[in-house]
Amino acid sequence: MPQTSPQTLDELLDRAAAMAGLSLGEIATQLSVEVPADLKRHKGWGGQLLELWLGATAGSRPEPDFPHLGVELKSLPIDEQGKPLESTYICVCPLTGLKGLRWQDSVVFHKLSRVLWIPVEGSRAIPVAERRVGMPLLWTPDDHEMAVLRRDWEELMEQVALGQVEQITAHQGEYLQLRPKAANRRVLTEAIGPEGDKIQTLPRGFYLRSRFTARLLAQHYL
């Protein structure tokens, strides 16, 4: 029952490959984990199950899931045609204390430098326990992809630093987008206001667009 942290990249990839073809229910049984009837109140359960199987150690810390290997784990819910069902959450966006923050020091850069993608059936028509896991994909951005990610990040962070966080929309950014990330509208945090003062606003999170992950899957699997 693999739950300890993998010591090498090959060990991690072997564990991921061993999941391919298994259902979430089969994986949960091997790990003695209860399967929820649905994911409405258990959002993120599937990803947590994969983390447990693979031995991820970062938890909610702002670093890759396997820090000693420099690998971030991302489960990717897909439909019957193998296309992503939603955008992919990356991390919380800092809204204050931005002086001197550079792309190469950002959490987004470190999390997206090497990603282990695990496609998982996500159609609501399939019971949670019966949803199957696909073949893993270890991805490192090429020069073009990294350049676009950096441009998106820098443009969005410039607006945040200039006090324009509430003017940012989900339509901005080619690969990355910045969207509210909160359990409800009452959860507020400090941000820089238009006049340079502090304001209260919804927390924001960075997401990868589904059209970008769809292109990744098409490139590597089809």
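The values are calculated or read from the model by the stated rules, or taken from the named source; none is laboratory data. Source: prediction; values computed, not measured. As a convention, Cβ positions derive from the backbone with ideal geometry for all residues, glycine included, and neighbour counts pool all protein chains shown.
Looking at Leu24, Leu49, Leu13, can you tell me which residue is surrounded by 15 or more Cβ atoms within 10 Å (Cβ to Cβ), touching a Phe, Trp or Tyr at 6+ places or on another chain (Cβ under 9 Å) and either of a type in the set (Asp, Glu) or closer than 19 Å to Val120 by Cα (or both)?
Leu24
Test Leu138 against the stated conditions and say whether it is buried (at least 19 other Cβ atoms within 10 Å of the Cβ) and in contact with a strand residue (DSSP E or B) (Cβ under 9 Å, 6 or more places away or on another chain).
No: the conditions fail for Leu138.
Residue-by-condition table, conditions (1) in a loop (DSSP other than H, G, I, E, B); (2) free of Cβ contacts under 8 Å to residues at least 60 places away in the same chain:
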| residue | (1), (2) |
| --- | --- |
| Pro77 | no, yes |
| Glu80 | yes, yes |
| Tyr89 | no, no |
| Gly100 | yes, yes |
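Given the conditions (1) surrounded by 13 or more Cβ atoms within 10 Å (Cβ to Cβ); (2) over 30 Å from Val33 (Cβ atoms); (3) polar (S, T, N, Q), and given that Gln200 satisfies all but one, which numbered condition is not satisfied?
Condition (1) is where Gln200 drops out.
Out of (1) touching a Phe, Trp or Tyr at 6+ places or on another chain (Cβ under 9 Å); (2) surrounded by 15 or more Cβ atoms within 10 Å (Cβ to Cβ); (3) touching a residue at least 24 places away in the same chain (Cβ under 8 Å); (4) within 29 Å of Leu12 (Cβ to Cβ), the odd one out for Leu156 is which?
(4)
Give the residue that is farthest from the chain's Cα centre (by Cα), with candidates limited to residues of segment 3-57 that are in a helix (DSSP H, G or I) and among the acidic types (Asp, Glu).
By that ranking, first place goes to Glu26.
Can you tell me which residues in segment 164-178 are modelled with pLDDT of 95 or more and either part of a strand (DSSP E or B) or within 17 Å of the chain's Cα centre (by Cα) (or both)?
Answer for segment 164-178, where residues must be modelled with pLDDT of 95 or more and either part of a strand (DSSP E or B) or within 17 Å of the chain's Cα centre (by Cα) (or both): Gly173, Glu174, Tyr175, Leu176, Gln177, Leu178.
Results for (1) of a type in the set (Asp, Glu); (2) closer than 19 Å to Pro141 by Cα; (3) out of contact with any helix residue (DSSP H, G or I) (no Cβ under 8 Å at 6 or more places or on another chain); (4) at pLDDT below 95, shown as yes or no for each residue.
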residue: Pro6; (1), (2), (3), (4): no, no, no, yes
residue: Leu22; (1), (2), (3), (4): no, no, yes, no
residue: Glu26; (1), (2), (3), (4): yes, no, yes, no
residue: Leu49; (1), (2), (3), (4): no, no, no, yes
residue: Pro64; (1), (2), (3), (4): no, yes, no, yes
residue: Leu98; (1), (2), (3), (4): no, no, no, yes
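I'd like the residue in segment 124-135 that is β-branched (Val, Ile, Thr) and either touching a residue at least 40 places away in the same chain (Cβ under 8 Å) or within 15 Å of Gln219 (Cβ to Cβ) (or both) and, out of all such residues, is surrounded by the fewest Cβ atoms within 10 Å (Cβ to Cβ).
Val128
Given the options Arg124, Arg186, name the one that is within 20 Å of Lys83 (Cβ to Cβ) and assigned to a loop (DSSP other than H, G, I, E, B).
Arg124
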